Protein chains: 2
Amino acid sequence: MEGLVRVACCQIAPDVLDPERSANVAVDALAAAVAAGAQVVVLPELVTSGYVFASVEEAQAAALGAEDVAAAWGPIAARGDAVVIGGFCERAPDGRLFNSSALVDRDGLRAVYRKLHLWGEEPRWFSAGDQPAPVIDTRHGRIGLGICYDIEFPELTRGLALAGAELIALPTNWPHDPRPADGRPILHSLAATTAYLSRVYVAVCDRCGAERGLEFEGGSVIAAPDGGLRAGPVPGRGVGTLLAKCDLTEARHKRTGEHNDAFADRRPTYYAPALTARGSGQPAR
Amino acid sequence: MEGLVRVACCQIAPDVLDPERSANVAVDALAAAVAAGAQVVVLPELVTSGYVFASVEEAQAAALGAEDVAAAWGPIAARGDAVVIGGFCERAPDGRLFNSSALVDRDGLRAVYRKLHLWGEEPRWFSAGDQPAPVIDTRHGRIGLGICYDIEFPELTRGLALAGAELIALPTNWPHDPRPADGRPILHSLAATTAYLSRVYVAVCDRCGAERGLEFEGGSVIAAPDGGLRAGPVPGRGVGTLLAKCDLTEARHKRTGEHNDAFADRRPTYYAPALTARGSGQPAR
């Protein structure tokens, strides 16, 4: 089957107090996933640095250029002809820091996405992205990029699907919610419905563990176009790798029955211009 | 508390073989909900006619003018100064039929919404709506209108929230899925995440029972801005009325923490123009 792709999410625990070790843990997890046959490997957000920075200086010290990440991940991806997507603390050529995701394969750096929607204290260290989220045509399918909190913006995920993404890969660092309102981590409901609404695969690779008192969810899941969770969560919310065989060709059509099609049934003429217009960040009242 | 509103969903079972009885059942359920103190009452889709038509003629025979519906529901709403939203088979002045939702209060007909996204065989009887989904400022809060399958179009529900809806009311006739991919009816996940993403209340009033071999879900729920189900589903998927006290003022702000706001954090400059542009119904490839 042309479209059957082995997708992995490596749920690991970076440590902001030891970025070098964090980067090595990511490389080890990537290498193990590729050795296990994964063709698309998703790593968590900020996997080379950790998340809970205490100062701009700490973030700067942990920052890497996108080419550094490609140099670390590309040769490992090449062993299995895999594609890897992972989050890193990016030092841009102009010195600004971004919360970024790199897509890397045997040819090296294919794309960098800089998080559009910053969460919590991230604006203290990071500039917000100023380019749309991309869809990259890889040897294993068309992959759309987002990061963590981006999943709360249907405009972004729907836009990726409309642009042809078959799989949306979301490196994530989701804080643990001990009493989720929906009975399970809302992250899982978001992954399921994002996949269902646009008939795409959604791979959320979350981190686990804790840093400076912030516990993470360890909520990695792979959701399928039917709205089901094809893999995950990892039992016990700890370290573990999800692996799911995903027929990405399912995401190339949007038929949902004899009479319906999730995309052809759209009525864009009647959707609010405010969805995509500047200055529409607040409700009318 | 100014914003505390008693919201009801009357899950009933219309019968396409007996539209007159269906209309009476709806009136009885509405009257009982108002008597129980409901201030906003949501009825199912096509509640005055039933759903599974066998011919255009059958649909035409069951169709009503919007003023007919207002005449039936308005006086009952007036008893409790309530607002009622319900679905009906609409005969427009030009003779076309629409799958519509009326919002009625003591002043009579306040708004009609004609379903934008038709499902299944509905295009055999109904014309598709050709106006945006509205938000109506009622005495009990700002209510956005959608119908059933519309909930699968985040462009519509997000647009209602951006236009100031505090509650999205969705008369629904959801077919039963005996093996839901998400472990519960996807309708419940959609209600929960639609509410969570835009920090609004979502009232899905589904029907129950069966018509001509089509079994309905009986999946009514009221979801809150935190993503939790505040009421529903009805045990056993049968006839029943949900009643939830909803603080609609919660939906007037979109703050989600010390640093974040679900609307102010949007980056519309970078969202795909295809979301709202004509001719964008198919993916790029």
Looking only at the stretch A:39-68, how many residues end up being surrounded by 24 or more Cβ atoms within 10 Å (Cβ to Cβ), assigned to a loop (DSSP other than H, G, I, E, B) and among the hydrophobic types (A, V, I, L, M, F, W, C)?
4
Residue among A:Ala36, A:Ala77, A:Ala71, A:Ala31 that alone is crowded, with 24+ Cβ neighbours inside 10 Å and small (Gly, Ala, Ser):
A:Ala77
What are the residues in the stretch A:238-280 that are within 30 Å of A:Ala38 (Cα to Cα), part of a loop (DSSP other than H, G, I, E, B) and touching a strand residue (DSSP E or B) at 6+ places or on another chain (Cβ under 9 Å), if any?
A:Gly238, A:Val239, A:His253, A:Lys254, A:Ala262
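Based on this model, can you work out whether B:Val204 counts as farther than 22 Å from B:Asp18 by Cβ, modelled with pLDDT of 95 or more, within 13 Å of chain A (Cβ to nearest Cβ) and in contact with a strand residue (DSSP E or B) (Cβ under 6 Å, 6 or more places away or on another chain)? Lay out the reasoning, then the answer.
Working: farther than 22 Å from B:Asp18 by Cβ: yes; modelled with pLDDT of 95 or more: yes; within 13 Å of chain A (Cβ to nearest Cβ): no; in contact with a strand residue (DSSP E or B) (Cβ under 6 Å, 6 or more places away or on another chain): yes.
Spelling it out, it is not the case that B:Val204 is farther than 22 Å from B:Asp18 by Cβ, modelled with pLDDT of 95 or more, within 13 Å of chain A (Cβ to nearest Cβ) and in contact with a strand residue (DSSP E or B) (Cβ under 6 Å, 6 or more places away or on another chain).
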Show the residue pairs that are 6+ apart or on different chains and have beta-carbon atoms under 9 Å apart, the first residue being within the stretch B:6-26 and acidic (Asp, Glu), the second being surrounded by fewer than 21 Cβ atoms within 10 Å (Cβ to Cβ) and assigned to a loop (DSSP other than H, G, I, E, B).
B:Asp15/B:Gly209
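Could you look through the stretch A:15-49, keep only residues that are touching a strand residue (DSSP E or B) at 6+ places or on another chain (Cβ under 6 Å) and among the small types (Gly, Ala, Ser), and pick out the one that is farthest from A:Arg79 (Cα to Cα)? Reasoning before the result, please.
First, pick out the residues of the stretch A:15-49 that are touching a strand residue (DSSP E or B) at 6+ places or on another chain (Cβ under 6 Å): A:16, A:29-30, A:33, A:37-49.
Those left that are additionally among the small types (Gly, Ala, Ser): A:29, A:33, A:37-38, A:49.
Numbers: A:Ala29: 14, A:Ala33: 11, A:Gly37: 10, A:Ala38: 11, A:Ser49: 25 Å.
Here the residue is A:Ser49.
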Which of the residues that make up the stretch A:96-141 are within 19 Å of A:Val200 (Cβ to Cβ), within 12 Å of another protein chain (Cβ to nearest Cβ), under 14 Å from the mean Cα position of the chain (by Cα) and in a strand (DSSP E or B)?
A:Tyr113, A:Val135
Can you tell which of A:Tyr271, A:Tyr196 is of a type outside the set (Asp, Glu), surrounded by 18 or more Cβ atoms within 10 Å (Cβ to Cβ), within 20 Å of B:Arg179 (Cα to Cα) and over 16 Å from the mean Cα position of the chain (by Cα)?
A:Tyr196
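Being out of contact with any strand residue (DSSP E or B) (no Cβ under 7 Å at 6 or more places or on another chain), basic (Lys, Arg) and more than 30 Å from B:Glu250 (Cβ to Cβ): is that true of B:Arg79 here?
Working: out of contact with any strand residue (DSSP E or B) (no Cβ under 7 Å at 6 or more places or on another chain): yes; basic (Lys, Arg): yes; more than 30 Å from B:Glu250 (Cβ to Cβ): no.
No.
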What number of residues within the stretch B:101-128 satisfy the criterion of being of a type in the set (Gly, Ala, Ser) and more than 15 Å from B:Ile143 (Cβ to Cβ)?
4
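The values are calculated or read from the model by the stated rules, or taken from the named source; none is laboratory data. Fair warning: this is a prediction, and the values are worked out from it, not measured in the lab. Backbone-built Cβ (ideal geometry, glycine too); neighbour counts: all protein chains shown.
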